[in-house]
Amino acid sequence: MLTNQQVLELRLKANEIRKETVKTIASIGVGHIGGSLSIADVLSVLYFDQMKVDPQNPKWEDRDWLVVSKGHSGPAVYSALALRGYFDKQMLYTLNKPNTNLPSHCDMRKTPGIDMTTGSLGQGSSAAAGIALGNQLDGKSSYTYLILGDGESQEGQVWEMAMFAAHRKLDHLIAFVDWNKLQIDGNVADVCSLGDIVAKFESFGWDTVKIDGHDVQAIHNAIERAKTVAGKPHMIVLDTVKGKGISELEGKASCHNANVSQEQLESYLKELEENEKTIREGK
């Protein structure tokens, strides 16, 4: 269990990731804001609580790995990396600009701390399984973390990976689905329903739980519990809200890729600053 102080710090860090994300996207006027905001809490727990990493040595062979297969959420990942010390925060304002090292989708060849190039949906899942298998064969204790989108989980490659990971008993693979119920074309249930995603992964042989994806204590507990279950890969379904933290955006498919004006930025930051006050008050 996290202490109350640790919970406070992780909630504040998630809010800070959201603030940097909206500022970064506003600097170019448009970007994948909805699915970036929905994963800020899990990124906070991974980078500031769970993952064994060294920002001064991003390619450290014994590190834990993170593959964000929903690569369009790069803005949130970059914000977390900057706050963790991989590069200066000013670099965030080069997002998707000419000659940038921060393209709209994650690119391991350009950005310190990015472990796998992603964006073609589904492919990051196979990469994560391959990394986990490689570490297993090398006898390493490193964990591989994978973040999938719920719309992305309509891709057949995700389920090929699910079969493979269970067959190879990749128990150092801990995956998340960002279950925000929305994708670029609308409601996931309407576009192509995934049904009971918890039961699906369980039927493929995964250790699976569903939790509040905005509760840092629940995320921490789910990861810690997963590490005690041997012989199976792990799926943590994060029940989230697309656009979380910005009331104007929350629960709207239109925020998948949206314009952010300077006027909107001021409004968004004001709301996030109010959120910070609420967090500090212990609410």
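Overview of results
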quantity: The range 35-158, dipole about Cα centre (Lys/Arg Cβ +1, Asp/Glu Cβ -1), debye to the nearest 20; calculated: 360 debye
quantity: Environment charge of S141, counting only residues whose C-beta is closer than 14 Å and scoring Lys/Arg +1, Asp/Glu -1; calculated: -1
quantity: Cα centroid separation - the range 238-274 against the range 62-132, whole Å; calculated: 21 Å
quantity: Net +/- balance of residues flanking S247 in space, Cβ distance below 14 Å, scoring K and R +1, D and E -1; calculated: 0
quantity: Residue-wise HN-Hα coupling along the range 81-87, computed from phi with Karplus coefficients 6.51, -1.76, 1.60 (Hz; x: Gly, Pro); calculated: 4, 5, 5, 7, x, 6, 7
quantity: Fraction of antiparallel bridges per DSSP, the chain only, in percent to nearest 5; calculated: 15 percent
quantity: All Cα pairs of the range 38-82, percent lying beyond 13 Å; calculated: 57 percent
quantity: Packing-based order for 108-121, 167-180, 50-63, using average beta carbon neighbours within 10 Å, highest first; calculated: 167-180, 108-121, 50-63
quantity: Long-range tail of P(r) for the chain (Cα pairs > 26 Å, %); calculated: 38 percent
quantity: Relative contact order of the chain, defined on C-alpha pairs under 8 angstrom at six or more residues apart (%); calculated: 24 percent
quantity: Charge dipole of the range 4-280 about the Cα centre (unit charges at C-beta), most positive-ward option of M116, I246, V191; calculated: M116
quantity: Angle in degrees between helix 262-280 and the longest Cα principal axis of the chain, rounded to the nearest 10; calculated: 60 degrees
quantity: Percent of alpha-carbon pairs separated by more than 19 Å within the range 131-283; calculated: 60 percent
quantity: Separation between Cα centres of the range 144-198 and the range 8-59, rounded to whole Å; calculated: 21 Å
quantity: The chain: angle of helix 4-28 to the longest principal axis, Cα-based, in degrees nearest 10; calculated: 60 degrees
quantity: Amide H contacts under 5 Å for K232, placed H, 5+ residues apart; calculated: D171
quantity: Two-site label geometry, M108 and V209: point separation in nm, points 7 Å out along Cα→Cβ; calculated: 2.9 nm
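Quick note: the coordinates plus some simple rules give every number you see, no bench work behind them. In this text the structure is predicted, and so the values were computed from the model without any measurement. Here the Cβ is made from the backbone with ideal geometry for all residues, glycine too, and neighbour counts use every protein chain on show.
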